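In what follows, a single structure is set out as structure tokens and then discussed.
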Amino acid sequence: MAKTIFEKHAPGRKGYTLPDNDVSVSVSDCISENYLRKDNLKLPEVSELDVMRHFLELSHLNHCIEKGFYPLGSCTMKYNPKLHETLVRNCGLVNIHPWQPDITVQGALEIMYEAQHMLAEISGMKQVSLQPVAGAQGEFTGLKIMQHYHQMKNNHHKNTIIMPDSAHGTNPASATLVGYNSVQIKSNSEGMVDIEALKKAVDENVAGFMLTNPNTLGIFETQFDLISEIIHEVDGLMYLDGANLNALLGIVQPGKIGFDILHFNLHKTFSTPHGGGGPGSGPVGVVDKLVPYLPYPLANKRSADKHDDCIYYLDNSHLDTSIGKVHSFYGNFGVYARAYIYIKMLGSKGLKRVSENAIINANYLLAKLKDYYHVPYPKNCMHEFVASGKIQKEKHDIKTLDIAKRLLDKGIHAPTIYFPLIVSEALMIEPTETESLETLDNFIQAMIEIDQECNENPEVVKSAPHNTPVKRVDDVKAARELDVKYEW
Ligand SMILES: *Cc1c(COP(=O)(O)O)cnc(C)c1O
């Protein structure tokens, strides 16, 4: 274990200090004595070099995309170009305040307007709100819009959302939060929605259907038109969980194939470093008839006129019909500004190549690994696929968790494990488009080696990881008994 900065304390050591302040105003002139700290802070005394080494060492303990492959299925851990980070940190963007008058922030409003517009085009939807700040909050917003639509039509009896059993856990959670019952439909032997089961579950009480496409098995759901016909027949709405849009860019426009509402995960598909609970963005797009219900305000554009050069403005004109606001101000500006930059950089051809390469990379891994690991749905996949540690479990009593831990020893982040729930010992693998053939081959090699170890030296897998600074942790205890205070 690395030492803490407190353990590196040695009296008298210090880092760089600024000269004494020669401005005569003292803190107590500005802040009442009552609010000032009475005792000195007990800070460790360390040299500047100690501090540098300490934090550099810490930064190496965590895995990140800059350090190694990160095939965490459903999370789209792609490499995000550093150029975008430089651009979005432009002082004209980071130093503005949401209460500034429109006329002083025309550039930022243009970015909002254009981002709405481009996302609408990518998804085939009429209009997009950038306000939700996570995929799950996008789901909540989209379902609120669905509920509002039904209330407006006096569809008060509608109380149920249907979704497949492969759905991400946030789908039933969002439905519950909005006040709907969620009903799960089982998947058929091909990993797609069982249409007969769907027909049985549908009645007048159905408010809508939530589908992830490609679904969490990485399979493109081809029966979407049949599903949307069945749902629309009872005046239900079709919701697309668009977290897997990395497979569809420039190839499929969900708004054109029967979906009424979708959310994006900009922090997954559109270039924002994520993980660890950092800022996200989950915009919601809707078809024409649902536009009045979107959260307000939307960024809008008026034609230039001589007396008023305020072309871009925040439009509150649908305030009376809107579901309201779902976040303070305008959502996470920095995240959708990154998406704006990403889309502008790639253009429509580039976006399409993103998805094509994401799909090719996933299929390459699938083809190379299926001789070693069980793949329950072995047909061609989209941007990800689900393998299983079932063979290793049955033969050697090695759990998928052990395989995941052993991968860490080889400098690779584990795939998503035990999800989707319908595959036992699931290993959900999403390479993304940003990885080279060498990296993919290295991962294949590592997975084959682990399979060999399962046969020849199962103990080394069962007791993994061996090379990481922290061994197996009790995740449940860590979450339930959070203790982040260091006493010294
Ligand atoms: C990530 C994900 C979500 C939730 O998105 P968050 O931004 O984590 O809230 C929902 N559905 C699917 C399929 C996802 O992969």
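The values are calculated or read from the model by the stated rules, or taken from the named source; none is laboratory data. Since the model is a prediction, treat every value here as computed from it, not as a measurement. Note: ideal-geometry Cβ built from the backbone for every residue, glycine included; neighbour counts use all protein chains shown. Keep in mind that these areas ignore ligands, DNA and RNA; they rest on the heavy atoms of the full protein, side chains included. Shrake-Rupley method; radii C 1.70, N 1.55, O 1.52, S 1.80 Å.
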| request: Give the residue, chosen from 279, 283, that is touching a residue at least 12 places away in the same chain (Cβ under 8 Å), within 16 Å of the ligand (Cβ to nearest atom), open to solvent by 30 Å² or more (accessible area, probe 1.4 Å) and assigned by TED's automatic domain parsing to the domain that holds residue 151. | output: 279
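Select, from 431, 465, the only residue that is under 25 Å from residue 273 (Cα atoms) and part of a loop (DSSP other than H, G, I, E, B). Break it down stepwise before answering.
Numbers: 465 fails: under 25 Å from residue 273 (Cα atoms).
Exactly one of 431, 465 is under 25 Å from residue 273 (Cα atoms) and part of a loop (DSSP other than H, G, I, E, B), namely 431.
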| So residue 317 fits all but one of (1) hydroxyl-bearing (Ser, Thr, Tyr); (2) free of Cβ contacts under 8 Å to residues at least 24 places away in the same chain; (3) buried (at least 17 other Cβ atoms within 10 Å of the Cβ); what number is the exception? | (3)
| field | Selection within region 243-275 - of a type in the set (A, V, I, L, M, F, W, C) and either surrounded by fewer than 24 Cβ atoms within 10 Å (Cβ to Cβ) or more than 30 Å from residue 154 (Cβ to Cβ) (or both) | value | 243, 245, 247, 248, 249, 251, 252, 257, 264, 266, 270
| Mind checking which residues of region 123-144 are crowded, with 24+ Cβ neighbours inside 10 Å and more than 15 Å from the ligand (Cβ to nearest atom)? | 123, 125, 128, 129
| note | The condition from (1) farther than 21 Å from residue 284 by Cα; (2) at pLDDT 95 or above; (3) within 16 Å of the ligand (Cβ to nearest atom) that residue 157 misses is numbered (3)
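Considering region 6-32 alone, what residues qualify as being open to solvent by less than 70 Å² (accessible area, probe 1.4 Å) and among the hydroxyl-bearing types (Ser, Thr, Tyr)? Outline the logic, then answer.
First, the residues of region 6-32 that are open to solvent by less than 70 Å² (accessible area, probe 1.4 Å): 6, 8-10, 12, 15, 26, 28, 32.
Within region 6-32, 26, 28, 32 meet the criteria.
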| request: Only residues that are within 22 Å of residue 377 (Cα to Cα), open to solvent by less than 10 Å² (accessible area, probe 1.4 Å), in contact (Cβ under 8 Å) with a residue 60 or more places away in the chain and among the hydrophobic types (A, V, I, L, M, F, W, C): list them for region 193-242, please. | output: 210, 217
| note | In region 160-190, anything modelled with pLDDT of 95 or more and either under 17 Å from residue 325 (Cβ atoms) or of a type in the set (Lys, Arg) (or both) is listed as 177, 178
| query | Would you say residue 256 is of a type in the set (Lys, Arg), within 11 Å of the ligand (Cβ to nearest atom) and farther than 15 Å from residue 194 by Cα? | reply | no
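Can you tell me which of 289, 349 is under 23 Å from residue 239 (Cβ atoms) and open to solvent by 40 Å² or more (accessible area, probe 1.4 Å)? Lay out the reasoning, then the answer.
Values: 349 fails: under 23 Å from residue 239 (Cβ atoms).
That would be 289, the only listed residue that is under 23 Å from residue 239 (Cβ atoms) and open to solvent by 40 Å² or more (accessible area, probe 1.4 Å).
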| field | residue 166 vs. criteria surrounded by fewer than 16 Cβ atoms within 10 Å (Cβ to Cβ) and either of a type in the set (S, T, N, Q) or part of a strand (DSSP E or B) (or both) | value | no
| query | Among the numbered criteria (1) part of a helix (DSSP H, G or I); (2) buried (at least 19 other Cβ atoms within 10 Å of the Cβ), which single criterion is violated by residue 387? | reply | (1)
| request: List every residue pair whose Cβ atoms lie under 8 Å apart, where the two residues are 6 or more positions apart in sequence or sit on different chains, the first residue falls within region 127-138 and is at negative phi, and the second residue, located anywhere, is among the hydrophobic types (A, V, I, L, M, F, W, C) and within 8 Å of the ligand (Cβ to nearest atom). | output: 135/243
| request: Quick one: count up the residues across region 390-423 that are under 24 Å from residue 245 (Cβ atoms) and either buried (at least 21 other Cβ atoms within 10 Å of the Cβ) or touching a residue at least 60 places away in the same chain (Cβ under 8 Å) (or both). | output: 9
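Can you tell me how many residues within region 171-191 are under 18 Å from residue 386 (Cβ atoms) and open to solvent by 20 Å² or more (accessible area, probe 1.4 Å)?
From region 171-191, those under 18 Å from residue 386 (Cβ atoms) are 171, 184, 186-191; that's our starting set.
Keeping just the survivors that are open to solvent by 20 Å² or more (accessible area, probe 1.4 Å) gives 184, 186-190.
Number of matching residues: 6.
Test of understanding: among 458, 469, 465, 431, which residue is surrounded by 12 or more Cβ atoms within 10 Å (Cβ to Cβ), at pLDDT 95 or above and over 18 Å from residue 415 (Cα atoms)? Working first, answer last.
Numbers: 469 fails: at pLDDT 95 or above; 465 fails: over 18 Å from residue 415 (Cα atoms); 431 fails: over 18 Å from residue 415 (Cα atoms).
None of the others qualify; the one that does is 458.
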| Residues of region 58-82 being among the charged types (D, E, K, R) and either open to solvent by less than 80 Å² (accessible area, probe 1.4 Å) or within 16 Å of the ligand (Cβ to nearest atom) (or both), which ones? | 78
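Between 393, 399, which is among the charged types (D, E, K, R) and in contact with a Ser or Thr (Cβ under 9 Å, 6 or more places away or on another chain)?
Details: 399 fails: in contact with a Ser or Thr (Cβ under 9 Å, 6 or more places away or on another chain).
Of 393, 399, the one residue that is among the charged types (D, E, K, R) and in contact with a Ser or Thr (Cβ under 9 Å, 6 or more places away or on another chain) is 393.
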